[in-house]
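Reviewing the structure listed below.
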Amino acid sequence: MASLITCPHCGTRPKEEFSIRGAAAPKRPSPTAKDEAWHRYVYVRDNPKGRYQEYWHHVAGCRRFLVVERDNLTHEVFGVTDAAEFERAGAAE
Amino acid sequence: MSINLLHRHVLDDHISGFETDPNPNHLSVIRRPVIFSVLAHAGREAEVAEALWNAEDVAPRFCGPSEWLAVSRTVGAETVAGMLSAIAGASVVDQSDGRVLMEIFGPSVRKILSRCVAVDLHPEVFEEGQSAAMLCCHATANVARTGADTFEIIVPRSLAGSVFEELMEMGREHALTRGFAD
Ligand SMILES: [Zn+2]
């Protein structure tokens, strides 16, 4: 596992300061979406090997949700962004 | 010195502590600090930060992008409350009863703290005046560098006992002494 994460607010920190909260790529359906869409979102998840976007909560630091893009095979970290920024970037697309 | 050591039991400092006078490496527990938590409303972060950094008699400590602690060892809670509530776009809460402030200093302070935090404390990376929330002795703490060899540590009240014990244990080989300070 990637053991050092560079938080955009706090700097380089050990993984012990974080709590991993799951994949960041799946888009949350609208509240009125069909049950199938919600079922897919909640239960049917990929388990990819390789490059992967994930929510990391900086519990022991700034307490912000971050999106860490990393390779779960080689442990390489490609980038860390604040989840609010990630959300804005996604909405702009 | 060597004669002294012969007469000194290996567990002496465990039982009676080191000298009562502070050694060069010392941990001060501040008796009655004033600690406020300051939160900026959405979109007002920059102006609140600026007002905090310009405020007199309080030292701002960075916690997160819109969150700070304001610490004072010189003025009372009412004064600080009045001053902080004048900052537009911020919510403030008195945390003085819920937090414990400790100051650790001395020539070996970085060696001692390197066993307590997993953050690089080299002065070029963690500069004087810088502060951040981090794990310290397994507790969520706010650590600030207030001098070349001086750090302030703020921990939640309920964790202060275990953090204090661990700091003392890590500082033992550097003859870390401890005491209250005002
Ligand atoms: Zn952080």
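Numerical summary
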read-out: Test result for B:VAL109, in the same structural domain as B:PHE164 (by TED's automatic domain parsing) and within 16 Å of the ligand (Cβ to nearest atom); value: no
read-out: Tally of residues being part of a loop (DSSP other than H, G, I, E, B) and either more than 15 Å from the chain's Cα centre (by Cα) or at positive phi (or both) across the stretch B:81-96; value: 4
read-out: Search result, residues across the stretch B:133-182 that are β-branched (Val, Ile, Thr) and under 13 Å from the mean Cα position of the chain (by Cα); value: B:THR140, B:VAL143, B:THR146, B:THR150, B:ILE153, B:ILE154, B:VAL155, B:VAL163
read-out: Entirely in the stretch B:131-182, the strands (runs of 3 or more DSSP E) that have 1 or more residues that are modelled with pLDDT of 95 or more and touching a strand residue (DSSP E or B) at 6+ places or on another chain (Cβ under 8 Å); value: B:131-136, B:139-147, B:150-156
read-out: Every residue from the stretch A:81-93 that is surrounded by 11 or more Cβ atoms within 10 Å (Cβ to Cβ) and either within 14 Å of the ligand (Cβ to nearest atom) or assigned to a loop (DSSP other than H, G, I, E, B) (or both); value: A:THR81, A:ASP82, A:ALA83, A:ALA84, A:GLU85
read-out: Those residues of the stretch A:55-80 which are buried (at least 17 other Cβ atoms within 10 Å of the Cβ) and either in contact (Cβ under 8 Å) with a residue 60 or more places away in the chain or away from the ligand (no atom under 14 Å from the Cβ) (or both), in sequence order; value: A:LEU66, A:VAL68, A:GLU69, A:ARG70, A:VAL80
read-out: Some residue of the stretch A:31-50 being over 26 Å from B:SER114 (Cβ atoms) and touching a residue at least 24 places away in the same chain (Cβ under 8 Å); value: yes
read-out: Number of the exception - A:GLU16 against (1) acidic (Asp, Glu); (2) more than 14 Å from the ligand (Cβ to nearest atom); (3) within 14 Å of another protein chain (Cβ to nearest Cβ); value: (2)
read-out: Counted residues, the stretch A:81-93 - those being away from chain B (no Cβ under 14 Å) and touching a Pro at 6+ places or on another chain (Cβ under 9 Å); value: 0
read-out: Scope the stretch A:19-51; condition more than 16 Å from the ligand (Cβ to nearest atom), charged (D, E, K, R) and surrounded by 12 or more Cβ atoms within 10 Å (Cβ to Cβ); matching residues; value: A:ARG40, A:ARG45, A:ARG51
read-out: Scan of the stretch B:141-182 for residues that are buried (at least 16 other Cβ atoms within 10 Å of the Cβ), farther than 12 Å from B:ILE112 by Cα and among the acidic types (Asp, Glu), ordered by number; value: B:GLU152
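The values are calculated or read from the model by the stated rules, or taken from the named source; none is laboratory data. Given the structure is predicted, the values throughout are model-derived calculations rather than measurements. For neighbour counting, all protein chains shown are included, and Cβ atoms are generated from backbone atoms with ideal geometry for every residue, glycine included.
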